[in-house]
Amino acid sequence: MLDVSQPSVATSAMPFTPYHFGPGLLVKSLLPRWFSMIGFIATQVLIDCETLYYLITRQYPIHRTFHTFAGSAVAALVLAVLLIGLAAASARYVGKGAVSPRLAATLGGEVSKAGLVVGCLVGGASHTLLDGIFHRDVWPFAPWHQGIPFFSIVGPGDLQLLCVAAGLIGVVVLGVRSWLLRKAG
Ligand SMILES: [Zn+2]
């Protein structure tokens, strides 16, 4: 079995978290009303708090429960519930009519229940998948299966490039959508 107890084989030292945002932007551009980028990003940060904790305390492997599909889904759902509560509490302080209809339509998916649940869940699943390709100490299907089926199916450089490309495509599509909305309005 792979020995992930040593830092030398535990993971790449390069921080990978920001690369997750690329695919998130692409999904946001395709499903703007059904996908919360806020929920997506918050999930990436929460999941990598696990990595940070084990890095700081020098315990290996540094990718554990939150980096499995099951663990990331639970973390994502708990976070979605918290964010939905936060959005509902914030809404009480924003008067009706304070936000223009166009802005409300644009931001709707960011704070809606469906948008937050979808954004957090996609964030959790994509985090496990991408980290499972990038880091060899990620066991996506634990606790049922302790294997690394995704590791290195795409090289680290290519994976980073794909994430950046996805983000750029997402930004372009969002820009075009915004331009079309302004033109129509
Ligand atoms: Zn991670």
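The values are calculated or read from the model by the stated rules, or taken from the named source; none is laboratory data. Keep in mind the model is a prediction, meaning the values are calculated, not measured. Cβ coordinates were reconstructed from backbone atoms using ideal geometry, including for glycine residues, and neighbour counts include every protein chain displayed. Surface areas here come from the heavy atoms of the whole protein model, side chains and all, with no ligands, DNA or RNA. Shrake-Rupley method; radii C 1.70, N 1.55, O 1.52, S 1.80 Å.
When Arg33 is tested against the conditions (1) away from the ligand (no atom under 13 Å from the Cβ); (2) at pLDDT below 95; (3) assigned to a helix (DSSP H, G or I), the lone failure is (3).
Just wondering, is there one or more residues in segment 138-157 that are over 17 Å from the mean Cα position of the chain (by Cα) and in a helix (DSSP H, G or I)? Yes, there is a match, as at least one residue in segment 138-157 is over 17 Å from the mean Cα position of the chain (by Cα) and in a helix (DSSP H, G or I).
In the set Ala91, Ala10, Ala73, only one residue is of a type in the set (Gly, Ala, Ser), modelled with pLDDT of 95 or more and either closer than 30 Å to Gly157 by Cβ or open to solvent by 40 Å² or more (accessible area, probe 1.4 Å) (or both); that residue is Ala73.
What about Leu162, is it closer than 29 Å to Gly71 by Cα, open to solvent by 60 Å² or more (accessible area, probe 1.4 Å) and in a helix (DSSP H, G or I)? Even if it seems obvious, please write down each step before you answer.
Numbers: closer than 29 Å to Gly71 by Cα: yes; open to solvent by 60 Å² or more (accessible area, probe 1.4 Å): yes; in a helix (DSSP H, G or I): yes.
Criteria met by Leu162.
Selection of first residues in segment 29-47 that are within 17 Å of Pro18 (Cα to Cα) and of second residues that are assigned to a helix (DSSP H, G or I) and polar (S, T, N, Q), restricted to Cβ pairs under 6 Å at least 6 apart or on distinct chains, gives the following pairs, ordered by first then second residue: Gln44/Thr17; Ile47/Ser72. Filtering segment 115-138 to residues that are open to solvent by less than 40 Å² (accessible area, probe 1.4 Å) and more than 16 Å from the ligand (Cβ to nearest atom) leaves Gly115, Leu116, Gly119. Condition test on Gly109, is it over 28 Å from His145 (Cα atoms), modelled with pLDDT under 95, surrounded by 19 or more Cβ atoms within 10 Å (Cβ to Cβ) and not β-branched (Val, Ile, Thr)? The answer is yes for Gly109.
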